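The values are calculated or read from the model by the stated rules, or taken from the named source; none is laboratory data. Keep in mind that this is a model prediction, so the values were computed, not measured. Note: ideal-geometry Cβ built from the backbone for every residue, glycine included; neighbour counts use all protein chains shown.
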Amino acid sequence: MPRDDTDSYHYHVMARAIEAVDRLGPKATLDQLAAEMRMSPAHFQRLFSQWAGVSPKRLQQYFTLGHAKALLQDRFTTLETALATGLSGGGRLHDLFLRWEAMSPGDFARGGQGLTIYWGWFESPFGPALVMGTDKGICGIAFSAETTEEHAMQDLTGRWPKATYVEDPMRLRPWATAAFGQQAEGPVPLFLIGAPFQIKVWEALMRIPSGHVTTYSEIAEAIGHPKAVRAVGTAVGRNPISFLIPCHRALRKSGGLGGYHWGIPVKRALLAWESARLEA
């Protein structure tokens, strides 16, 4: 399957390195990690730190079973507070400025009929990522590290079955580069395709600052449906724009990771990476 190859080597190395940090655990030495990558320790340390913004050792500190609980205790934020204090601005991942608009409920009900959606595969620090977008912005990001590329494609296309799909990674490259690169190349537009209740939940997710977490019950409170925790959880799981709409920042009250549509290892990697960069 053809892919955009911008910085594909470094993205591929980073995805493997983050997986190795998770798999080998906090006791792994720099020499062991470098050997996994078939690099010298000095080269691996330099490349990893340059790309991720933190050292391998720093990231290791956040790949623990207790990390989610620690986040809930130390970096829990109510969405109302985040919005009132502007935390959803400068604290956004990569300091991206996300601007978004939503499809009308009537258009959504038609299953994407008359809509052209462009798609392409890109490398990300969390494995291969399928990016989809319309003329208005990114409408889908799926990860295939814990599944297959075919499943990721079927998952996203199944949400808008009547849309027309066109493979065009060049059209999506500026947005994907801004999303997964070290620096934004301008605003990243999002085009939210969902039911009104889902869009309310996704909008609430975008208020959670990078490196912070909230709970499903807090999201329910924030959107004015305090008893709809289960429905909120379903809407979080149906978020089509992984990473940029940060459903990985929603945890259970107990501090458990809960579920994640693209695999718990990916969710754990996202939370660990954000925490390490926040404190770098």
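In this structure, does Ser275 turn out to be polar (S, T, N, Q), modelled with pLDDT under 90 and surrounded by 24 or more Cβ atoms within 10 Å (Cβ to Cβ)?
Judged against the criteria, Ser275 is a match.
Of the conditions (1) in contact with a His (Cβ under 8 Å, 6 or more places away or on another chain); (2) modelled with pLDDT of 95 or more; (3) not small (Gly, Ala, Ser), Ile117 satisfies every one except a single condition; which number is it?
(1)
Which condition number in (1) among the aromatic types (Phe, Trp, Tyr); (2) in contact with a Pro (Cβ under 8 Å, 6 or more places away or on another chain); (3) in a helix (DSSP H, G or I) is the one that Phe122 fails?
Against the list (1) among the aromatic types (Phe, Trp, Tyr); (2) in contact with a Pro (Cβ under 8 Å, 6 or more places away or on another chain); (3) in a helix (DSSP H, G or I), Phe122 comes up short only on (3).
If I ask for residues that are closer than 22 Å to Gln113 by Cβ and of a type outside the set (Ser, Thr, Tyr), which ones from segment 143-163 would you list?
Met153, Gln154, Asp155, Leu156, Gly158, Arg159, Trp160, Pro161, Lys162, Ala163
Condition check: touching a Lys or Arg at 6+ places or on another chain (Cβ under 7 Å), hydroxyl-bearing (Ser, Thr, Tyr) and closer than 19 Å to Glu274 by Cβ. Does Ser124 satisfy that?
No.
Give the number of residues within segment 43-60 that are touching a residue at least 40 places away in the same chain (Cβ under 8 Å) and small (Gly, Ala, Ser).
Qualifying residue count for the region: 2.
Does segment 148-162 include one or more residues that are buried (at least 22 other Cβ atoms within 10 Å of the Cβ), among the acidic types (Asp, Glu) and either within 17 Å of Cys247 (Cα to Cα) or at pLDDT below 95 (or both)?
no
For residues that are surrounded by 21 or more Cβ atoms within 10 Å (Cβ to Cβ) and either modelled with pLDDT under 90 or hydroxyl-bearing (Ser, Thr, Tyr) (or both), tally how many sit in segment 217-242.
Result for segment 217-242: 3.
Considering only residues that are part of a loop (DSSP other than H, G, I, E, B) and touching a residue at least 12 places away in the same chain (Cβ under 8 Å), look in segment 23-42 and name the one that is surrounded by the fewest Cβ atoms within 10 Å (Cβ to Cβ).
Of everything passing the filter in segment 23-42, Gly25 is surrounded by the fewest Cβ atoms within 10 Å (Cβ to Cβ).
Among the residues that make up segment 117-124, is at least one of them under 19 Å from Pro246 (Cβ atoms) and of a type in the set (A, V, I, L, M)?
No: zero hits.
Taking the residues in segment 194-225 that are aliphatic (A, V, I, L, M) and part of a helix (DSSP H, G or I) as candidates, determine which candidate is nearest to the chain's Cα centre (by Cα).
By that ranking, first place goes to Leu205.
Looking only at segment 92-103, decide whether some residue is small (Gly, Ala, Ser) and at pLDDT 65 or above.
Yes; the residues of segment 92-103 include at least one that is small (Gly, Ala, Ser) and at pLDDT 65 or above.
Output yes when any residue across segment 206-216 is more than 23 Å from Ala250 (Cα to Cα), touching a residue at least 60 places away in the same chain (Cβ under 8 Å) and out of contact with any Cys (no Cβ under 7 Å at 6 or more places or on another chain), and no when none is.
no
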